[in-house]
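Chemist: Dropping the structure in here first, questions after.
The values are calculated or read from the model by the stated rules, or taken from the named source; none is laboratory data. Quick caveat: nothing in here was measured; it's all calculated off a predicted structure. Cβ sites come from the backbone with ideal geometry, for glycine too, and all protein chains shown count toward neighbours. All accessible areas refer to the heavy atoms of the entire protein, side chains included, with ligands and DNA or RNA removed. Shrake-Rupley method; radii C 1.70, N 1.55, O 1.52, S 1.80 Å.
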Amino acid sequence: MAEDTSSPMDRFCGSTFWNATQTWWTNDPDFTPCFEQTALVWTPCAFYWVFVIFDFYYLKASLDRNIPWNKLNVTKALVNLGLLVITALDLIMALIKKGGDSELPLYDLDVWGPIIKFATFLLVFIFIPLNRKYGVQTTGCQFIFWFLLTVLSIPRCRTEVRLESERQKILDSQQPSEQDFSWEEYQFVSFFIFFTFTSIMLILNCFADGLPRQTKYQRGENEIPELSASFLSRITYQWFDKMALKGYRNPLEEKDLWDLRPQDSCSEVMPIFAHHWNQNVRKNYKNKARVEPKAQFSNGNVTFENPHGEKNGRKKGMASIMPPIYKSFGGVFLFGALMKLFTDTLTFAQPQVLSLIISFVEAKEAEPEWKGIMYSVLLFVLAAAQTFILGQYFHRMFIVGLRIRTALINAIYRKALRISNSTKKESTVGEIVNLMAVDAQRFMELTTYLNMIWSAPLQIGLALYFLWQQLGPSVLAGLAVMIILIPVNGVIASRIKTYQIRQMKYKDERVKLMNEVLSGIKVLKLYAWEPSFEKQVLDIRDKEIATLRSTAYLNAGTSFLWSCAPFLVSLVTFATYVLIDENNVLDATKTFVSLSLFNILRFPLTMLPMLITNLVQTQVSVNRINKFLNSEELDPNSVLHDSSKPHPMSIENGEFSWGDEITLRNINIEVKKSSLVALVGTVGSGKSSVVQAFLGEMEKLAGVVNTVGKLAYVPQQAWIQNATVRDNILFGQTYDRKRYNKVIDACALRADIDILSAGDLTEIGEKGINLSGGQKQRISLARAVYSDADLYLLDDPLSAVDAHVGKHIFEEVIGPKGILARKSRVLVTHGVTFLPQVDSIYVLKMGEISESGTFDQLVKNKGAFADFIIQHLQEGNEEEEELNQIKRQISSTGDVPELLGTVEKAIKLARTESLSDSISVTSADSLMGGGGSLRRRAKRQDSHDSVASAASLKKKQEVEGKLIETEKSQTGGVEFAVYKHYIKSVGIFLSVATLVLNFVFQAFQIGSNLWLTKWANDEKVANDTGLRDMYLGVYGAFGFGQVFSYIGSVVIVYLGALIGTRKIFIQLFGHILHAPQAFFDIKPRARILDRLANDIYKLDVVLPELIRVFNSQVFRVLATIVVISLSTPIFLAVIVPIAFLYYFAQRFYVATSRQLMRLESVSRSPIYSHFSETVTGASTIRAYNVGDRFIEESDAKVDKNQVCKYPSVIANRWLAIRLEMVGNLIILFASLFAVLGGQTNPGLVGLSVSYALQVTQTLNWLVRMSSDIETNIVSVERIKEYGETKQEAPWELEQDKNKPKNWPQEGRVEFQNFQVRYREGLDLVLRGVSFNIQGGEKVGIVGRTGAGKSSLTLALFRIIEAAGGRISIDGVDIASMGLHMLRSRLTIIPQDPVLFSGSLRINLDPFEIKTDDEIWKALELSHLKSFVKSLAAGLNHEISEGGENLSVGQRQLVCLARALLRKTKVLVLDEATAAVDLETDDLIQKTIRTEFKECTVLTIAHRLNTILDSDKVIVLDKGQITEFASPTELLDNPKSAFYSMAKDANLV
């Protein structure tokens, strides 16, 4: 070794490190031994040392502990020990055999080689017990390490075997050799033991370790296999196969789904987010006075701080959700970003390999064949690596998206429970729900693309760098084109954004209006007002469509820019390149490497604008969510809980407002312990506001409010959840049968529960749709009583129930002997009867307390209270014994002669009238308490049967009690009929046109590429500029063909879709308005709205985009196959098996994924309906202090939705991996055939491989799109299903036009043997009713609850259709006319006053056919004139959703005004006077008596005086008429039911 030319590595090994002739320039390549023992061993080791940090991270993040020893980890440990021993031995043997006095020199490699291996194996070994202890079942770094080590040892195997056979030859050659081969022999043996062990380790690492013994969360039967899947199974998603197979065999159902991964559940995601949110909120305060603890996660509650802050904290600005999102979920996101960086680099390696392949084909003869094969395999390996990494990347991003969505939905939910009333006023329930449904969803969609923000510029930069290497400065020309396109695109994007905001605005408006139409559908039907509202909705819809149309043109613009951009760029670049300099000639390598780089460029350039628009939309959403999360909250400190005060409830010098002007002033109220305090006053005097002030719902401007103890609250309008009756009463408390029965009896619910189909397990529809007002009110009261609180706030609980039930409830519940006698109670009431039994009374007038004291004191004062009583008594609807009581009470107070006189008169009146509507108290008593001994006897005999029957009964009850039908999620494929329906809506011509144009576009594209090939291969071009220009010109022409065909195809798709969706919406909405009332009783409103909002949105926006992409992708795949087959026809042989694989993956996936999507959408609507229910009942939830329970319910619903969502995300990845592998096979075969198949034309080879490189992406998109289309076409299916529901009778008929304008002239109403039922399959409600009412008669209808009174009126309006018999009005059978004809000629004042948002005028006269004078006259007669005059806007006063900004009484008066405006011959009054105080009631009665003197009036009676002066009374019982005569006649006959009712109530 005289000359020392060797490199440091050569010296290290003592032999050559790299020998190019041996490795590259040869037909039989091999590495040098030194290279095999250093580079090929140290690469895996280095990899492991670099990435071991991830292993540490997984230990730290693991939620589990303690995996038991098992075969697998024991074997791992042993084999690993074996490797340590072998390596140590290597070192020892080297030190013994070499160096020192041995003739073999000792090189550094002999020492350091084993040491490096030993250190690495030791590190791996340490992780075996660590992973066991921390419950980590599999690690990726170790798998990759063993994989690399095994693969990279293969070359050395070959070398060692060759050397061994050479040694054998020497030994066999019989010559006694001098050499000692013992060291080489040792190395040979030791290496193969080492190699065997690494292979075993690789195989062992393909499996995951056993299940941990300790887990933070219960691992159920149904746990997701991913948690215990091995690394290999995770990256190939092989653990999902079971689900895919199951889904393919038969449609998945909810029970087939796996449990949620603990780390994605609300209970893991929320505390993290809340912690960062709270930090962020604190940062926003200048005064750093408040030091806050971390977000605790005590018993499942996460506290969010109020960013609105204390009143004094000066606010720097809004707290935004973005920083907490970064901090909470940034880690996973960054890891994803790292992967993205990796794949981006791999992408650019592909064109480099392509250029190698082209140059290989060009120099076919000179190069050995193994290089070509190696290039093809290398291309495949790069693509495969990219596939696996991208799969993980998307998976991570989706998870981040899901978690962000969870966090936002929960944050919005928790906030909604605390917003102040002024905030609530700013947005409707619908808008708040939209924050959750639309805006939180946006984040999900964005996360996957977010990394494009840095990745796109990076890719563009790299592409340009490589292009520069190919084409030099002419790239700048192409770059210029791109740069010019970007601002153009920006302009378009910002226009699209303004249109989108506008479209969202219209959509919100439309949804809000439709929501009200659906809430008030019954009233719309009764008034025949549907056309007016249909027109309003369709007007908004047309504006929305116009906006969408403009957006469509702009979208066509952007997609044109981006799909033709790469072509324009390549045209400009190539043109510049050949025109700058005569010597620049395009050859195959330049052309196709550049083309594949331009193709890579296409993706980031397409994504950037999409990303920008997406970011813009998300920004809008972020702002909306921020605004909501930063809005004002109720001040939790407005009500103190100071137990040192003498009384449990008090207000001192209180001043309160509802956010604008002061509503209550100078309020001083004390409620002593266990006392009953009444608040009385006229409508609108502020009684309910006082109750709200106690609850802390109002804004406190001054004074002190104090309550001590647990509260219960009965609101004026009962808030009923969509749950069973029992759940509504228990309201989250445990079921205690004795207490429960006591409460039910006290609240007079026993009889109602007996009537319901499944007793107290009957499900109540949304907003209590299938209960009467009185029942809702009593359930609401029962809930309060059952909650067993200390303080009771009862806001007029007796208004909706009849006098008897009222009396019963007062005695049993509220009064001094009731269940609540020991509690402190505040009662808002309109009745005088109970006032003597009250401890003290506060009289409110105009928002102030005008006087207070006991009954006696107030009567003596002769103030406002005395007037109130006189006025009340003159109406005479009290009963005799009660009046006597009041009389005694008043006379005992001494000298108040005028009051006594009034009482005397009232008593006379009460003697002559009497009747009640409900189950009278006495009969109810006998039902409940009578015959004890008999019951006991029966009990003994029943007890042994009862166990068996109870179970079956319970089952039966549950089935019967389901009112709301559960939402069906369709199973199986989407039928062709659905597609046909959609295509028909769009129009055949347009559908065909898009396909044709797409075909033309692809033809032009292939044409231009083949033309390039011809050009690149033409030798003559170099010296003939004319020929060159001709090539360039034709290339340009092809380009313009592409441009025009493409724009055409896009515009047609968008416009066609809009034409379709417009038709579909009009049909759907028309259909829903024409549906009979029964349809709305069994379908929850949220579900119908979902069809009208969500599904239509999909048809408006999502589907057209999908169809456009799908079309272009299908043609793209076909084009690829055509091109590859042109260049290498043998490829067609491979296409068949590949297509087969593809088809299978796709079928499995579509079946599973579609079902998962359906399950997901079914599990999504409960989140929103629960949320909207919560928003409506927020004040009740707060009063009972059960917010935490509701939050838990919401969390559970979100988790359940995730359970369905997560597998569908995985299904996507599962498919992507499989499909991309199919695509990679296409790449492999296309390049292999090109290399081996003797194809000599480098241009065609370049073309076919560059097309193959794109195919992976395209295939992936194709399946995704086809399944997305299937998923979204489900919207058409769902809409179609609603379009096929049963319709009610036609609204208008031809023969109606012959009827006179003022029909009915007399108002004769005749029922002949009339029968009716509510829905098919239910019992008859009226069983053969016959009676005759002369024109102008006043008739009262009475009967116990459920006797069929309301059914009678509904039948008159044909809300429910006859099952037999007929009704005629003025001798005309009502079944023979159009519904609107009939309904518009009758008038009803319904039980619940329903108002719509819009002006007061629209509420009175939606068709705008009446003059102002007529409207003012009606308002005057309904006593609203002074009120409306006092409003700034007068008739145009905006009424808020549901009429929230008017008191209940005022709403009732508005309904009266409607009736007066219609003024038809027949008027129906339905328990119209329940919610009004006595004064208003009196006004209404007077008005009806005078204004409707000539009309036929049917009254469903509630109070005695309302029927007394009627001409006839109808007594109904169980759907049959038992009596029909004048009231006096019936009272003279002691045998009549009417008389016995009166007697029951001790009135006769």
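Chemist: Given the options 1240, 1271, 1285, name the one that is in contact with a His (Cβ under 9 Å, 6 or more places away or on another chain), open to solvent by 20 Å² or more (accessible area, probe 1.4 Å) and at pLDDT below 85.
Modeler: 1285
Chemist: Another one. Just a yes or no: is a residue in segment 170-188 of a type in the set (Ser, Thr, Tyr) and free of Cβ contacts under 8 Å to residues at least 24 places away in the same chain? Before you say what the answer is, go through the steps one by one.
Modeler: Initially, segment 170-188 is screened for residues of a type in the set (Ser, Thr, Tyr), giving 173, 177, 182, 186.
Add one more test, that the residue is free of Cβ contacts under 8 Å to residues at least 24 places away in the same chain, and what stays is 173, 177.
Within segment 170-188, one or more residues are of a type in the set (Ser, Thr, Tyr) and free of Cβ contacts under 8 Å to residues at least 24 places away in the same chain.
Chemist: Within the set of pairs 6 or more residues apart or between chains, which connect a residue that is closer than 17 Å to residue 1512 by Cα and of a type in the set (Phe, Trp, Tyr) inside segment 1292-1312 to a residue that is open to solvent by 50 Å² or more (accessible area, probe 1.4 Å) and at pLDDT 85 or above with Cβ atoms less than 6 Å apart?
Modeler: That search, which allows pairs on different chains as well, returns 1311/1330.
Chemist: If the requirement is being within 18 Å of residue 44 (Cα to Cα), open to solvent by less than 70 Å² (accessible area, probe 1.4 Å), of a type outside the set (Asp, Glu) and free of Cβ contacts under 8 Å to residues at least 12 places away in the same chain, which of these qualifies: 124, 151? Working first, answer last.
Modeler: Numbers: 124 fails: free of Cβ contacts under 8 Å to residues at least 12 places away in the same chain.
Just a single option satisfies the conditions, and that option is 151.
Chemist: Then there is this: Which one is modelled with the highest pLDDT among residues in segment 213-241 that are of a type in the set (D, E, K, R) and buried (at least 18 other Cβ atoms within 10 Å of the Cβ)? Talk me through it step by step, then tell me what you get.
Modeler: Here is the first cut: in segment 213-241, the residues of a type in the set (D, E, K, R) are 213, 216, 219, 221, 223, 226, 234, 241.
Still in the list and also buried (at least 18 other Cβ atoms within 10 Å of the Cβ): 223, 234.
On the way: 223: 86, 234: 92.
Checking each candidate, the answer is 234.
Chemist: Which condition from (1) more than 30 Å from residue 1168 (Cα to Cα); (2) open to solvent by 40 Å² or more (accessible area, probe 1.4 Å); (3) acidic (Asp, Glu) is the one that residue 431 breaks?
Modeler: (1)
Chemist: Can you find, within segment 472-490, the residue that is modelled with the highest pLDDT among those that are surrounded by 14 or more Cβ atoms within 10 Å (Cβ to Cβ) and closer than 16 Å to residue 609 by Cα?
Modeler: First, the residues of segment 472-490 that are surrounded by 14 or more Cβ atoms within 10 Å (Cβ to Cβ): 472, 474-482, 485-486, 489.
Narrowing further to those that are closer than 16 Å to residue 609 by Cα: 481-482, 485-486, 489.
On the way: 481: 85, 482: 78, 485: 80, 486: 76, 489: 79.
Per the criteria, the residue is 481.
Chemist: Contact list please: Cβ distance under 6 Å, first residue in segment 465-489 and closer than 21 Å to residue 582 by Cβ, second residue in a helix (DSSP H, G or I) and of a type in the set (Lys, Arg), pairs at least six apart or on different chains.
Modeler: Hits for this filter: 470/590.
Chemist: What about residue 274, is it touching a residue at least 24 places away in the same chain (Cβ under 8 Å), open to solvent by less than 30 Å² (accessible area, probe 1.4 Å), in contact with a strand residue (DSSP E or B) (Cβ under 8 Å, 6 or more places away or on another chain) and not charged (D, E, K, R)? Show your work before the answer.
Modeler: Numbers: touching a residue at least 24 places away in the same chain (Cβ under 8 Å): yes; open to solvent by less than 30 Å² (accessible area, probe 1.4 Å): yes; in contact with a strand residue (DSSP E or B) (Cβ under 8 Å, 6 or more places away or on another chain): yes; not charged (D, E, K, R): yes.
So residue 274 fits the description; yes.
Chemist: Now, a different point. With the condition kept exactly as written, say whether any residue in segment 412-433 is over 30 Å from residue 519 (Cβ atoms) and in a helix (DSSP H, G or I).
Modeler: Within segment 412-433, the first condition is being over 30 Å from residue 519 (Cβ atoms), and the residues that meet it are none.
There is no residue in segment 412-433 that is over 30 Å from residue 519 (Cβ atoms) and in a helix (DSSP H, G or I).
Chemist: What residue, of 500, 469, is touching a helix residue (DSSP H, G or I) at 6+ places or on another chain (Cβ under 7 Å), in a helix (DSSP H, G or I) and either open to solvent by less than 60 Å² (accessible area, probe 1.4 Å) or within 30 Å of residue 596 (Cβ to Cβ) (or both)? So that I can check it myself, show each step before the final result.
Modeler: Numbers: 469 fails: touching a helix residue (DSSP H, G or I) at 6+ places or on another chain (Cβ under 7 Å).
Just a single option satisfies the conditions, and that option is 500.
Chemist: Considering only segment 634-654, how many residues are outside any loop (DSSP other than H, G, I, E, B) and open to solvent by 60 Å² or more (accessible area, probe 1.4 Å)? Full working, then the answer.
Modeler: Step one: list which residues in segment 634-654 are outside any loop (DSSP other than H, G, I, E, B), which gives 639-640, 649-654.
From the residues that got through so far, the ones that are open to solvent by 60 Å² or more (accessible area, probe 1.4 Å) too are 640, 652-653.
The qualifying residues number 3.
Chemist: Which residues, counting only those in segment 524-541, are open to solvent by 10 Å² or more (accessible area, probe 1.4 Å) and closer than 12 Å to residue 509 by Cβ?
Modeler: The answer is 536, 539, 540.
Chemist: Do we find a residue being within 30 Å of residue 414 (Cβ to Cβ) and either buried (at least 21 other Cβ atoms within 10 Å of the Cβ) or small (Gly, Ala, Ser) (or both) anywhere in segment 1135-1154? Can you show your working first?
Modeler: Going residue by residue through segment 1135-1154, those that are within 30 Å of residue 414 (Cβ to Cβ) are none.
Scanning segment 1135-1154, I find no residue that is within 30 Å of residue 414 (Cβ to Cβ) and either buried (at least 21 other Cβ atoms within 10 Å of the Cβ) or small (Gly, Ala, Ser) (or both), so the answer is no.
Chemist: With the condition kept exactly as written, say whether any residue in segment 1276-1283 is of a type in the set (Val, Ile, Thr) and touching a helix residue (DSSP H, G or I) at 6+ places or on another chain (Cβ under 6 Å).
Modeler: Taking segment 1276-1283 as the starting set, the residues that turn out to be of a type in the set (Val, Ile, Thr) are 1276, 1279.
Still in the running and touching a helix residue (DSSP H, G or I) at 6+ places or on another chain (Cβ under 6 Å): 1276, 1279.
The answer is yes; a qualifying residue exists.
Every residue, every condition in (1) surrounded by fewer than 20 Cβ atoms within 10 Å (Cβ to Cβ); (2) modelled with pLDDT under 60; (3) assigned to a loop (DSSP other than H, G, I, E, B), yes or no:
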residue	(1), (2), (3)
294	yes, yes, yes
308	no, no, yes
311	yes, yes, yes
319	no, no, yes
325	no, no, no
329	no, no, no
334	yes, no, no
337	yes, no, no
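Chemist: If you don't mind, another one. Can you report the number of residues in segment 1071-1086 which are open to solvent by less than 10 Å² (accessible area, probe 1.4 Å) and either part of a helix (DSSP H, G or I) or within 15 Å of residue 1275 (Cα to Cα) (or both)? So that I can check it myself, show each step before the final result.
Modeler: From segment 1071-1086, those open to solvent by less than 10 Å² (accessible area, probe 1.4 Å) are 1072-1073, 1075; that's our starting set.
From what's left, either part of a helix (DSSP H, G or I) or within 15 Å of residue 1275 (Cα to Cα) (or both): 1072-1073.
Total meeting the criteria: 2.
Chemist: Oh, and also: Touching a residue at least 40 places away in the same chain (Cβ under 8 Å), of a type outside the set (Lys, Arg), open to solvent by 10 Å² or more (accessible area, probe 1.4 Å) and not in a helix (DSSP H, G or I): which single residue out of 550, 631 fits that description? Please lay out each step first, then the result.
Modeler: Numbers: 550 fails: not in a helix (DSSP H, G or I).
Criteria check complete, one pass: 631.
Chemist: Just one of (1) under 30 Å from residue 268 (Cα atoms); (2) buried (at least 16 other Cβ atoms within 10 Å of the Cβ) trips up residue 202, so point out which.
Modeler: (1)
Chemist: Would you be able to say whether some residue in segment 111-130 is among the small types (Gly, Ala, Ser), assigned to a helix (DSSP H, G or I) and modelled with pLDDT of 95 or more?
Modeler: Residues of segment 111-130 that are among the small types (Gly, Ala, Ser), as a first pass: 113, 119.
After this cut, where a residue has to be assigned to a helix (DSSP H, G or I) as well, the list is 113, 119.
Then drop every residue that is not modelled with pLDDT of 95 or more, which leaves 119.
Within segment 111-130, one or more residues are among the small types (Gly, Ala, Ser), assigned to a helix (DSSP H, G or I) and modelled with pLDDT of 95 or more.
Chemist: If a residue counts only when it is at pLDDT 90 or above and of a type in the set (D, E, K, R), which helices (runs of 4 or more DSSP H) contained entirely in segment 693-766 have at least 1 such residues?
Modeler: Details: elements: 725-730, 737-746, 750-755.
Qualifying helices (runs of 4 or more DSSP H): 725-730, 737-746.
Chemist: Just give me the residues in segment 12-59 being closer than 30 Å to residue 217 by Cα and either open to solvent by less than 70 Å² (accessible area, probe 1.4 Å) or free of Cβ contacts under 8 Å to residues at least 12 places away in the same chain (or both), in sequence order.
Modeler: Step one: list which residues in segment 12-59 are closer than 30 Å to residue 217 by Cα, which gives 51-59.
Within segment 12-59, 51, 52, 53, 54, 55, 56, 57, 59 qualify.
Chemist: Can you name the residue in segment 383-398 that is among the hydrophobic types (A, V, I, L, M, F, W, C) and surrounded by 21 or more Cβ atoms within 10 Å (Cβ to Cβ) and, of all such residues, is farthest from residue 343 (Cα to Cα)?
Modeler: Within segment 383-398, the match that is farthest from residue 343 (Cα to Cα) is 398.
Let's see how each residue does on (1) aromatic (Phe, Trp, Tyr); (2) part of a helix (DSSP H, G or I); (3) touching a helix residue (DSSP H, G or I) at 6+ places or on another chain (Cβ under 8 Å):
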| residue | (1), (2), (3) |
| --- | --- |
| 1011 | yes, yes, yes |
| 1026 | no, yes, no |
| 1088 | no, yes, yes |
| 1107 | no, yes, yes |
| 1110 | yes, yes, yes |
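Chemist: I'm told residue 736 meets every condition in (1) in contact (Cβ under 8 Å) with a residue 24 or more places away in the chain; (2) farther than 30 Å from residue 1347 by Cα; (3) acidic (Asp, Glu) except one. Can you identify the failing condition by its number?
Modeler: Here residue 736 clears every test but (1).
Chemist: Report yes if residue 1132 is open to solvent by 20 Å² or more (accessible area, probe 1.4 Å) and either aromatic (Phe, Trp, Tyr) or touching a residue at least 60 places away in the same chain (Cβ under 8 Å) (or both), otherwise no. Lay out the reasoning, then the answer.
Modeler: Values: open to solvent by 20 Å² or more (accessible area, probe 1.4 Å): yes; either aromatic (Phe, Trp, Tyr) or touching a residue at least 60 places away in the same chain (Cβ under 8 Å) (or both): no.
Considered against the rule, which asks whether it is open to solvent by 20 Å² or more (accessible area, probe 1.4 Å) and either aromatic (Phe, Trp, Tyr) or touching a residue at least 60 places away in the same chain (Cβ under 8 Å) (or both), residue 1132 comes out as no.
Chemist: So how many residues does segment 1430-1453 have that are assigned to a helix (DSSP H, G or I) and either at pLDDT 90 or above or polar (S, T, N, Q) (or both)?
Modeler: 4
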